[in-house]
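Inspection log for the structure reproduced underneath, given as structure tokens.
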Amino acid sequence: MICRTQICRSNNQWCTLISVTLFAVAFVAAVSYASNRLSLLSLPSSLSPWRWPSSSLSSFSIHSFNLHHQPPPLPPPLNPKTALYSMFHCDSDACKKQNGKMNKVVSRLIKELKDETLLRRSKKKKRDEKLEKVEAELARARVLIRDAGTNLSRSSYPLHDRDYVPHGSIYRNPFMFHRSYLLMEKLFKIYIYKEGERPLFHTGPTTNIYSMEGLFLNSIENDHNFKVSDPDKAHVYFLPFSVVMILDTLFDPIIRDKAVLERVIGDYVHVVSSRYPYWNRSLGSDHFMLSCHDWGPRATWYVHSLYFTSIRLLCNANTSEYFNPRKDASIPEINLLRTETTTITGGLPPSNRTNLAFFAGGEFHGKIRPLLFQHWKDKDEDIQVYEKVPNNVSYLDTMKRTRFCICPSGFEVASPRIVEAIYAECVPVLISQNYVLPFSDVLNWDAFSVQVSVSEIPNLKRILLGISEDKYKKLQENVKKVQRHFLVNNPAKRYDVYHMILHSLWLRRLNLQIYS
């Protein structure tokens, strides 16, 4: 104001110009604020460090609640009028035709959101007092977690928790994570729809690379701390279908009719949305599903609100396939050979790890592995790359005596070798594209893994040898510390993989404001 007054005194034209400019800025701000107040749903428009509030580039009022110092890969560009939906773009004619259909769906969903928002703001629709109570509880939790990040709060908030020892740098913010986790344990409630019969619902595989489907279903069904019988008290609603079991039971490998997913999942959402008010009142945004099958993302497309708006817990967390880390969460792919993991964890100390790097797996599985084989198979004894390990060589024992375990993506971005490496206390070498790593809201993957771009595969040995002994020991020590967050326990234990998945879900619900 001082500068503006001085200019006005010296030059009336400048004064007029600046006044008009300021008026225009104020008008735009007012319109933006009005748009913000009209929002029905709010999701983060950009991933940012855990801070509250954060700025938003969207016309909707959005506060991002993620524990990021550096954001993971972003999904495709968002529609500028909303942070909920990505718009689909590509160059080929066939792709443009398909994406044109998808964009029409997006446009319809955006219109539905706006219509519902205006209806609620005009008070023509009665506000849901039970939902507002749930939202108020979440708002208080956000404030408490924010306060845990301040220096003053840290000094007065010792981490008295025998199960949580935040030493080292494996966490992006140990204080905020710990406060968030404790609040999750105290507050978070999940309602599981009872509709649906086994084996398509309420069960799933507990071994093989899709094991997380069955393990999570079994754990949450028997969890009396998080599961709630009164849906009005729930923060999120679980759609307990298993993509694996649907395909194993109904999919004909000869006819290959993928529409079985559409029929089963579409009918299920129709049933629960007809019998209960919860799907419709939030447009599905506080509902979630979980899948580790490659077709998990495809399965959600058949119900467009499930695809674009609901929370998807996916192993195949591929941003190039429209995985949206603003609302979706990446979970680890674990190839569980048995129900217990304690017998396959552990490994040799750094001084006894004689192998530099190791990988064994299908050579033509995706686009990255052929490059790895081209440059390193039978080329260097320090970089052991096999399509199949020799008969006299143990796969697990080799990992346990190797310094760096190579984890390239296959046909899908997720790889069970990442968790296998962590179990073997072998530093994972991650080679992938467009992959959002599991629990990356909380975990600092740079502290316990090495990330190598596809273009750097020819330089793999130089990169690994360039890591000093002190740096390697720190990485390997952090692998041992982070291992607890990937362990499968029966029954589940605090901070294990089941509870970390729940925490990822908790964060997504904190990021959602159904009533702004």
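The values are calculated or read from the model by the stated rules, or taken from the named source; none is laboratory data. Every value quoted in this text rests on a predicted model; they were computed, and no experiment measured them. Quick reminder, even Gly has a Cβ in these numbers, built from the backbone with ideal geometry, and neighbours come from all protein chains shown. What goes into the accessible areas is simple: the full protein's heavy atoms, side chains included, and nothing from ligands, DNA or RNA. Shrake-Rupley method; radii C 1.70, N 1.55, O 1.52, S 1.80 Å.
For the reader, a short list of remarks on this structure follows.
- No other residue among Asn324, Asn316, Asn355, Asn335 is out of contact with any strand residue (DSSP E or B) (no Cβ under 7 Å at 6 or more places or on another chain) and either more than 27 Å from Asn490 (Cβ to Cβ) or open to solvent by less than 70 Å² (accessible area, probe 1.4 Å) (or both) apart from Asn316.
A quick yes/no check of all residues on (1) within 25 Å of Ala414 (Cα to Cα); (2) open to solvent by 20 Å² or more (accessible area, probe 1.4 Å):
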{"residue": "Ile209", "(1), (2)": "yes, yes"}
{"residue": "Leu217", "(1), (2)": "yes, no"}
{"residue": "Ile220", "(1), (2)": "yes, no"}
{"residue": "Asp230", "(1), (2)": "no, yes"}
{"residue": "His235", "(1), (2)": "no, no"}
{"residue": "Thr249", "(1), (2)": "yes, yes"}
{"residue": "Val271", "(1), (2)": "no, yes"}
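- Single residue of Val452, Val436 found to be free of Cβ contacts under 8 Å to residues at least 40 places away in the same chain, crowded, with 17+ Cβ neighbours inside 10 Å and either charged (D, E, K, R) or in contact with a strand residue (DSSP E or B) (Cβ under 6 Å, 6 or more places away or on another chain) (or both): Val452
- Residue match in the range 461-478 (condition: open to solvent by less than 40 Å² (accessible area, probe 1.4 Å) and outside any helix (DSSP H, G or I)): yes
- Among the residues making up the range 363-386, those that are in a loop (DSSP other than H, G, I, E, B), open to solvent by 90 Å² or more (accessible area, probe 1.4 Å) and either among the aromatic types (Phe, Trp, Tyr) or farther than 22 Å from Arg353 by Cα (or both) are Phe364, Lys367.
- Residues of the range 489-505 classified as touching a Leu at 6+ places or on another chain (Cβ under 8 Å) and open to solvent by less than 10 Å² (accessible area, probe 1.4 Å), total: 5
- Scan of the range 453-477 for residues that are hydrophobic (A, V, I, L, M, F, W, C) and closer than 28 Å to Pro349 by Cβ, ordered by number: Leu460, Ile463, Leu464, Leu465, Ile467, Leu475
- Taken over the range 115-168, residues that are modelled with pLDDT under 80, under 30 Å from Arg281 (Cα atoms) and among the basic types (Lys, Arg) amount to 7.
- Cβ-Cβ under 7 Å pairs, at least 6 apart or on other chains, the range 186-198 side more than 14 Å from Asn222 (Cα to Cα), far side open to solvent by 30 Å² or more (accessible area, probe 1.4 Å): Leu187/Glu137; Glu195/Val271
- Among all positions in the range 288-297, there is no residue which is in contact with a Cys (Cβ under 7 Å, 6 or more places away or on another chain), among the aromatic types (Phe, Trp, Tyr), surrounded by 15 or more Cβ atoms within 10 Å (Cβ to Cβ) and in contact (Cβ under 8 Å) with a residue 60 or more places away in the chain.
- Candidates in the range 394-411 are the residues that are open to solvent by less than 40 Å² (accessible area, probe 1.4 Å) and part of a loop (DSSP other than H, G, I, E, B); of these, the one that is farthest from Ile457 (Cα to Cα) is Gly410.
- Tabulated pairs, the range 92-121, first closer than 28 Å to Ile514 by Cα, second assigned to a helix (DSSP H, G or I) and modelled with pLDDT of 75 or more, C-beta under 7 angstrom, 6+ apart or interchain: Val105/His304; Val106/Phe308; Leu109/His304; Leu109/Ser305; Leu109/Phe308
- Taken over the range 268-305, the criterion of being charged (D, E, K, R) and under 28 Å from Val419 (Cα atoms) is satisfied by Asp294, Arg298.
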